[in-house]
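Working notes, beginning with the structure itself.
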Amino acid sequence: MSNKIYKIVDKLLGSSESKLGLIVLQKVLNSAIPFNLPHKFKFIELSEIKTRISLPYIKHNRNHLGGIHACAIAALGEYTSGLAILKNFGFTKYRIILSDLHINYIKQAKEEVTGEVKIDQEELVRVIEELNSEGISEISLATNIINNNDEIVSVVQSTWQLKDWDQIKR
């Protein structure tokens, strides 16, 4: 994505707590990240503390057994936590990149699922302090993948590296 898109996304992140702002942000990010477009992710909630995204039960997201594909679940977990990071740190000041991903599949999902992540405020303070002193930090988030019965079907553990753009060699 270009710097122009980064600035647009940062502006949209500021209005993401309104229904319209969330819809516009969803359309921009789903289009700007080509891998995510066919999954038809829907942004449900985006705040500094909690982020929720749904993954529909459509043909593109299903596996040969009729459940949601393991890779679609992994993408949902990664996308949900990444969006939470963006909400708190934006695109223009820090480069945000996934450094580690672990998935625990608990039960098969045969319906729409929702990714939900909550960010601990103490952890945010730690990351901000590291970024201010070192220019680089990591944060790990656990995204619960939940079915329509509020059962956890998977847990996706994502570790993100944040680095000040001024420290990036281009």
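The values are calculated or read from the model by the stated rules, or taken from the named source; none is laboratory data. Treat the numbers as computed from the prediction; the structure is a model and nothing was measured. We place every Cβ from the backbone using ideal geometry, glycine too, and count neighbours over all the protein chains shown.
Listing for the model above:
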{"read-out": "Matching strands (runs of 3 or more DSSP E) fully within region 31-130 where at least 1 residues are among the aromatic types (Phe, Trp, Tyr) and out of contact with any Phe, Trp or Tyr (no Cβ under 6 Å at 6 or more places or on another chain)", "value": "42-46, 94-105"}
{"read-out": "Qualifying residue in region 103-119 (condition: under 25 Å from residue 10 (Cα atoms), among the acidic types (Asp, Glu) and at pLDDT below 95)", "value": "no"}
{"read-out": "Qualifying residues in region 15-31 (those that are over 15 Å from residue 51 (Cβ atoms) and of a type in the set (Gly, Ala, Ser)) - the one modelled with the lowest pLDDT", "value": "15"}
{"read-out": "Flag if residue 103 is more than 11 Å from the chain's Cα centre (by Cα) and surrounded by 17 or more Cβ atoms within 10 Å (Cβ to Cβ)", "value": "yes"}
{"read-out": "Search result, residues across region 4-19 that are loosely packed, with under 15 Cβ neighbours inside 10 Å, more than 15 Å from residue 47 (Cα to Cα) and of a type outside the set (A, V, I, L, M, F, W, C)", "value": "4, 7"}
